[in-house]
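Here the structure is laid out as structure tokens; the discussion comes afterwards.
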Amino acid sequence: MTWQGWALILGFTAVLGLLARPMGLWLFALAEGQAPAGLRWLAPLERGLYRVAGVDPAAEMGWRRYALHLLAFQLVTALFTYLILRAQGLLPMNPLGRAGVGADGAFNIAVSFVSNTNWQWYGGEGTLSNLSQMLALTPHNFLSAATGMAIAFALIRGFARTSAGGVGNFWADLTRVTLYLLLPVSLVYALYLVASGVPQTFDAQVVVTTLEGATQNIALGPVASQEAIKMLGTNGGGFYNANSGHPFENPTAITNLVQMLSIFLIGVGLPIAFGRAVGDERQGWAILAVMGALFLTAVGVTYWAEAAGNPVLHGLGLAGGNMEGKEVRFGIAASALFAVVTTAASCGAVNAMHDSFTALGGLVPIVNMELGEVIVGGVGAGLYGMLLFALLGVFIAGLMVGRSPEYVGKKIEAREVKLAVLAIAVLPLMILGGTALASVLPAGLAGPLNKGPHGFSEILYAFTSAAANNGSAFAGLTAGTPFYNGLLGVAMWVGRFFIIVPVLAIAGSLAAKRQVPAGPGSFPTTGPLWVGLLAGVVLILGGLTFLPALVLGPVADHVAIAAGALF
Amino acid sequence: MLHDLASAWRPAVTLGVAMFAITGLAYPALVTGVAQTVLPYQAGGSLIVDGGRVVGSALIGQGFTRAGYFHGRPSAAGSGHDAMASAGSNLGPGAQALHDRVQASVAALQAGGETGPIAADRVTASASGLDPHLSPAAALAQVPRIAGARGLPEPRVQALVDAAIENPCLGIAGDPVVNVLALNRELDKLKG
């Protein structure tokens, strides 16, 4: 470890701390239905979209209606993407003649992008045409992000409203977030990326003759426009197979820093927006403090493990940290930090190959995802995931002191706690269930590239990433098979929507309740005691279930390597 | 409930089509138009043209095997530096295949007369297989071989490496690097 590495990690955290409040105010205004001053000229477009869709943006929806409209939109847009991918060979903007994607592969990609996972069984530059990259994938980068934020807005309204029947209007939330946040920021961001070296062209490749006279075909395309929203919307689906490790997606150490910041940008603003909405900004800062503490712990472990390096390679005379699967321009610290950021959020972009991380360095990303990606988390999903844990936290605190629990002015009763447990039980079910199936069936066992415990880790990582809607991989796994495309597709769908529906039900249930003023017996949810309790609930309720699987995978891997065993 | 769902399909389809057109066609087209007008070099892939011939991209590593050139990192992209198939090796830390590959690379370097510890990036595959850079240490270790092959004094080659080191933000945002293709083009100029 170096002082430069720690300066990066701490500086990065500090900058996000400074961005949280302005971002939170922007998001709070959006949730209230206000467009930012500089963007009001887009209002006619917003009104035009409502007119075409035949919706009244002021009409309040109950949680059931909100959920059904949201789900209908996911189904319809997933079908668009499926059809475009299947028909790829017949569509224009396909100069390299990429064929249509097979049924299982197209199903997997459609579910992957609609669920904000962006798991990629394929290599982008070798499988997709420029039209597919633009029209089949990029829209979901916007819309799945906007959907996540819409759900967070609905839950925030549940806490903030009193005796209300509605939780907002899904179409208005979706449209406003897209027009007044994601599109304008992406536009500026994409042009910054181009200026830094990210290509943006409708050409699909260029052929060069190298200094030694060999021919090198270089894949090109509209990369920057996809890259910007890929990070901002915590999507993570790369234009290229190597994702943000590819010099065309992430050309410099500075673009790398900006990419990491943009993964967390919206996520750190949402707790502040939540705090504002419930009338006490400290509630938001308490949640950010929990996230910050868990985040720095995770970064510390990964950075230490990667900087310590691989003892197997040290034995062969190599100096320094673990550079297998990492790019020199990022080095150890910026690669370790990126790995933690991308799995703490539900981004899943990678700037290094996690499969080649040390055993403990690779353990941390898995744990981050299994906790439910609540350490800042995906846009929207991180906040509503953390609020589920907060409900359980006040419930546990209430049990300990024998009082009925309250949180930010709302009584938390059996219905909310049951729904929260239901949502939190989805991840263990899909991750452990899927991993168990793939570990015994021949079609599953055919997947891993590596042998021994690391092969098991590849399977565990895949189901963790899919169910938690992350999208990164231990990419040695050959996942482009009907078995994995199907099962991981189901894991992604369930991992997304079987959590969203209970969250919206909680929002509806809370909105209908009256506010109860905090009394002397209320458990304070702003101080260090609460921060510690909530962090403990996240680790114990979120993490403990996965301990046996982690011991079989990364921990066994670590012990075996320390004992000198190779596989 | 059924009524709620029935009323969802029209906005789902119409707003879906409109949003796909805005975010999937208009937005990338607008970025492309501006980028191609204002930043044509970067938007086109940072291509290096030498005497009317495109010799590479400043950002994409290419394979070097001759003794008189700096050699980049091992590549797992296709059959090596295949810029249509970016990839890392994805070998785990305890993989026998990783051990054997690195062992062979180290043996080849030692057979070429190198002694002492070897910079980690020199014999490890990058994330993309297209890493255009080396660490300064990995480049400096190749100076004697290149000077010998080209009949140049070592200090001249070493000075090239020193001048090529890029160190953004004091090495805080990322590590110091040298660009292999740029360095090798400088070498060719020395000769000429």
request  = Starting from the stretch B:119-130, keep only residues that are touching a residue at least 60 places away in the same chain (Cβ under 8 Å) and crowded, with 24+ Cβ neighbours inside 10 Å, then list their pairs with residues that are assigned to a loop (DSSP other than H, G, I, E, B) and of a type in the set (Phe, Trp, Tyr) whose Cβ atoms are within a distance under 7 Å, requiring at least 6 positions of separation or different chains.
outcome  = none
key: Single unsatisfied condition, residue B:48 versus (1) of a type outside the set (D, E, K, R); (2) farther than 23 Å from residue B:135 by Cα; (3) in contact (Cβ under 8 Å) with a residue 60 or more places away in the chain   = (2)
task = Tell me which residues, restricted to the stretch A:449-463, are outside any helix (DSSP H, G or I) and of a type in the set (D, E, K, R).
result = A:451
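Return the residues of the stretch A:363-384 that are part of a helix (DSSP H, G or I) and either away from every other protein chain (no Cβ under 12 Å) or closer than 16 Å to residue A:115 by Cα (or both); say none if nothing qualifies.
Restricting attention to the stretch A:363-384, the residues satisfying the condition of being part of a helix (DSSP H, G or I) are A:363-370, A:381-384.
Scanning the stretch A:363-384 gives A:364, A:365, A:366, A:367, A:368, A:369, A:370, A:381, A:382, A:383, A:384.
Quick check on this structure: which one of A:43, A:14, A:58 is in a loop (DSSP other than H, G, I, E, B), at pLDDT 95 or above and surrounded by fewer than 14 Cβ atoms within 10 Å (Cβ to Cβ)?
Values: A:43 fails: in a loop (DSSP other than H, G, I, E, B); A:14 fails: in a loop (DSSP other than H, G, I, E, B).
The conditions single out A:58.
Tally time: how many residues in the stretch B:173-192 are in a loop (DSSP other than H, G, I, E, B) and surrounded by fewer than 22 Cβ atoms within 10 Å (Cβ to Cβ)?
The initial filter retains those residues of the stretch B:173-192 that are in a loop (DSSP other than H, G, I, E, B), namely B:173-176, B:192.
So of that shortlist, the ones also surrounded by fewer than 22 Cβ atoms within 10 Å (Cβ to Cβ) come out as B:176, B:192.
The total comes to 2.
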request  = Taking only the stretch A:409-441 into account, find how many residues are buried (at least 20 other Cβ atoms within 10 Å of the Cβ), among the β-branched types (Val, Ile, Thr) and more than 26 Å from residue A:452 (Cβ to Cβ).
outcome  = 3
Selection from the stretch B:149-171 of residues that are touching a Gly at 6+ places or on another chain (Cβ under 7 Å) and at pLDDT below 95 = B:168
request  = Would you please name the residue that is surrounded by the most Cβ atoms within 10 Å (Cβ to Cβ), looking only at residues in the stretch B:18-59 that are more than 7 Å from chain A (Cβ to nearest Cβ) and within 16 Å of residue A:146 (Cβ to Cβ)?
outcome  = B:22
note = Taking first residues from the stretch A:26-49 that are on the phi > 0 side of the Ramachandran plot and second residues anywhere that are buried (at least 19 other Cβ atoms within 10 Å of the Cβ) and part of a helix (DSSP H, G or I), the pairs with Cβ under 8 Å that are 6 or more apart or on different chains are A:33/A:172; A:33/A:176
message = For the stretch A:188-224: of the residues being free of Cβ contacts under 8 Å to residues at least 12 places away in the same chain and under 30 Å from the mean Cα position of the chain (by Cα), which is farthest from the other protein chains (Cβ to nearest Cβ)?
response = A:188
inquiry  = Looking at the stretch A:496-523 only, could you name the residues that are part of a loop (DSSP other than H, G, I, E, B), closer than 20 Å to residue A:161 by Cα and not β-branched (Val, Ile, Thr)?
reply    = A:512, A:513, A:514, A:515, A:517, A:518, A:519, A:522
ask   = Inside the stretch B:26-135, counting only helices (runs of 4 or more DSSP H) that do not spill past its ends, which hold 2 or more residues that are small (Gly, Ala, Ser)?
value = B:27-38, B:96-111
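The values are calculated or read from the model by the stated rules, or taken from the named source; none is laboratory data. Source: prediction; values computed, not measured. We place every Cβ from the backbone using ideal geometry, glycine too, and count neighbours over all the protein chains shown.
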